[in-house]
Amino acid sequence: MARQKYPHVNIANKYARDVVAGRIAACVFVQLACQRHLDELKREKQKNFIYRFDRAAGEDVCYFAELFPHVKGKWAGTNIHLQPWQCFILVVAFGWKRKSDGLRRFREIFALVPRKNGKSVLGAIIALYLTFADGEAGAEGYTGATTEKQAWEVFGPARQMALRTPAFLEHYGVEVHAKRLVSLNSNSWLEPLIGKPGDGSSPHCSIVDEYHEHKTPDLYDTMVTGMGARTQPMQAVISTAGTNLKGPCKVKQKEAEKVLRGELTNEELFVIIFTIDDTDDWQDLEVWKKANPNYGVSVQEDFLIRMHRDAMQLASKQNIIRCKHLNQWMNADVAWMNMVEFNKTADSSLDISVFSHLDAYGAVDLSSKIDLASLGIAFEYEEVVYGFYRYYLPRRTINLPENHHYQQWRHEGWLIEAGEAVIDYSFIEQDLLNFARMLNFAVVGYDPYQATQFATRMMDQGLPMVEIPHTVKNLSEPMKELEGRVLSGKFKHDGNPITTFCFSNVVAHVDKKDNIYPNKEFHENKIDGAVVTIMNMNRIIVGPPEYETEIENAFREL
């Protein structure tokens, strides 16, 4: 059988045809990217079409890519084998040329690819090729990001790929340094970059990784303007979606989508966006294949099944999973608790005196003097956490016309009227002291921002008060633990409806490290009952102060 002249080009073109024909599941933006390429192949011979498709150029970059080894995961040490979608990106982005001078057509790549699909490897290949194999003397290549760690997500694999390919180092005269690759043959270099390049920089290659984390377009814009002296430079944004709906990445995506739809003309911008369609039901696992082009390759099916399960069950994880694995732009604040499951945790028959032989974990959230204050007491018995609650408001707040729910809860005995215009903390102090006579408090947590004087008075009465500042460090893991306990049936509470009301008002703010923090969706929402429960869970995880000290001492002795 005769060897194909352009095997990767053939794979890329077949991928495009299969996507357009519906043989490969793909969202509308991948379909439009493929249709754009196929349409332009038909226009290639028209005199008024100013571009031509250089199959040799498209093949060359793919051949170059497969000379390098994987450096992570189960394929580490084996040579890269490009998947059809990767061939399509490289072949199209590098294969189209201007008829007038033979220079490359596309000067920008905008590729939105979900996590675990090998986008860092793709970025590393592009960076190495442009910097050292593109025939550009004195080429400057940068892998740019907002942090050093993120800048190394592309530079690190590129450096390792180079180190493990002696033929590449010899052929291009490349030396590998700690933070730079340098070619003595062409006086070119590749290095990571945090923030803007210097005024004297003249990039030939710029890889902007995780653009969704950038608050401003400064790095992107500076790179583009610095490329003015180059004949065929390229800037590649290879990112996932994010949560900053007003950030530069989302703005760039809107432009990119308009280019694909034909609403905006930019012949030098190559676009491909892997996601699901607006009309798709994200809960249908089958549509996840659209967003994950390496489904079954680097993205294992069982991994996505786990992510799908977590997104279905854990409200706090839903947005971040959809964002990172379906490339859907999501708000950073998400619903936290699965309230269907939480409603099953109420048990008004619980008697706090039954737990008097156990360690009690207390927490107070005093809020403001005219707002809801709460006292929560928790016990852990046979891996189940049991919660008991007291809530306080001043008379005037309860009697406001809009507060019928408070009036009802006062009538039913769930809400304590404490003071006239402002909360009289002596009601809370007395309740806490009464409980202390009956229970064995291991700790009583409080936020020093709100309750320092209160805590001092309680310490004078002999209660073991412990500061629990409301920080991500103190609240994230307890929130996750509490959510898991609710779903597994290992949390019960005394049936106070205010507790359910508070939990239903919590949204979880998710940061880029997947930490979560309790927020209110609206200012008037009350979340105090959930907050004291999270504080209780903090102490259940950490243990009493003596136990915490033992752990710290053990680590110091290591």
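The values are calculated or read from the model by the stated rules, or taken from the named source; none is laboratory data. All figures in this text were calculated on a predicted structure; none of them were measured in a lab. Cβ placement follows ideal geometry from the backbone for every residue including glycine, while neighbour counts extend to all protein chains displayed.
Looking at segment 241-355, the helices (runs of 4 or more DSSP H) lying wholly inside it that each contain 3 or more residues that are without any contact (Cβ under 8 Å) to a residue 60 or more places away in the chain, in the same structural domain as TRP85 (by TED's automatic domain parsing) and more than 26 Å from GLY529 (Cβ to Cβ) sit at 248-261.
Of everything in segment 49-83, what is outside any loop (DSSP other than H, G, I, E, B), small (Gly, Ala, Ser) and over 22 Å from ARG98 (Cα atoms)? Give them in sequence order.
Start the filter on segment 49-83 by keeping residues that are outside any loop (DSSP other than H, G, I, E, B), which leaves 51-53, 55-65, 69-70, 73-76, 79.
Going one step further and asking which of them are small (Gly, Ala, Ser), we end up with 56-58, 65, 73, 76.
Correct list: ALA65, GLY73, ALA76.
For segment 366-394, give me each residue that is closer than 21 Å to ALA455 by Cα and either hydroxyl-bearing (Ser, Thr, Tyr) or not assigned by TED's automatic domain parsing to the domain that holds TYR406 (or both). Across segment 366-394, the qualifying residues are SER367, SER368, SER374, TYR389, TYR391, TYR392.
Table: residues versus (1) surrounded by fewer than 19 Cβ atoms within 10 Å (Cβ to Cβ); (2) out of contact with any Ser or Thr (no Cβ under 8 Å at 6 or more places or on another chain); (3) over 15 Å from ASP365 (Cβ atoms); (4) touching a residue at least 12 places away in the same chain (Cβ under 8 Å).
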site: ASP447; (1), (2), (3), (4): no, yes, no, yes
site: ALA455; (1), (2), (3), (4): no, yes, no, yes
site: ILE468; (1), (2), (3), (4): no, yes, no, yes
site: VAL472; (1), (2), (3), (4): yes, yes, yes, yes
site: SER476; (1), (2), (3), (4): no, yes, yes, yes
site: SER488; (1), (2), (3), (4): yes, yes, yes, no
site: PRO497; (1), (2), (3), (4): yes, yes, yes, yes
site: CYS502; (1), (2), (3), (4): no, no, no, yes
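When ASP351 is tested against (1) acidic (Asp, Glu); (2) surrounded by fewer than 21 Cβ atoms within 10 Å (Cβ to Cβ); (3) within 35 Å of the chain's Cα centre (by Cα), just one condition goes unmet, and that condition is (3).
Report yes if ASN440 is in the same structural domain as GLY543 (by TED's automatic domain parsing), farther than 17 Å from LYS526 by Cβ and not aliphatic (A, V, I, L, M), otherwise no.
yes
Scanning segment 300-308 for residues that are crowded, with 16+ Cβ neighbours inside 10 Å and among the aromatic types (Phe, Trp, Tyr) turns up nothing. Please specify each residue of segment 84-110 satisfying the condition of being polar (S, T, N, Q) and part of a loop (DSSP other than H, G, I, E, B). The one that is polar (S, T, N, Q) and part of a loop (DSSP other than H, G, I, E, B): SER100. All conditions but one from (1) more than 28 Å from TRP288 (Cβ to Cβ); (2) without any contact (Cβ under 8 Å) to a residue 40 or more places away in the chain apply to GLN35; the one that does not is (1).
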